[in-house]
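Below is one structure, written out as structure tokens, with a few remarks after it.
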Amino acid sequence: MSAAAALKATAPPEAPRPAIAAEAVPYLPRGVRLRHCDIRKSWFLLAPERAMKLDPVGAHVLQALDGQRSLDGVVDHLVAQFQAPRAQIATDATAFLVQMHERGMVALK
């Protein structure tokens, strides 16, 4: 057995990421802002002492957060906007929002 295989065999299994309930309302918490930089022609998520450059998909997902829409409402909004398969948008948007929630850049109510 190689050293890499032995190390992988002894590593604890990766914990599954928590899911966001369909009725949860994701929003940007206090101090977190979504801003477009005209010079860089990119969207950024800004928080105290942190900044994250977003790809176009992430920017559209975060723009859909209005503090009123549930996760299902956000997905419905994106489906109407892009006419893409709902299942694909739901999977991608949920995974992205879970990551942002873990980083403290998105809150849930």
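What follows draws every value from the coordinates through simple rules; no lab data is involved. All values reported here derive from a predicted model rather than from experimental measurement. Here Cβ is always computed from backbone atoms with ideal geometry, including for glycine, and neighbour counts include all displayed protein chains.
Of note:
- Rounded to the nearest 20 debye, dipole of segment 58-109 from Cβ charges on Lys, Arg, Asp, Glu: 60 debye
- Per-residue ³J(HN,Hα) for segment 80-89, Karplus 6.51 cos²θ - 1.76 cosθ + 1.60, θ = phi - 60°, Hz, x for Gly and Pro: 5, 6, 10, 6, 10, x, 4, 4, 5, 5
- Over all other residues within a Cβ to Cβ distance under 14 Å of R40, the charged ones net out to +1, with Lys and Arg as +1 and Asp and Glu as -1.
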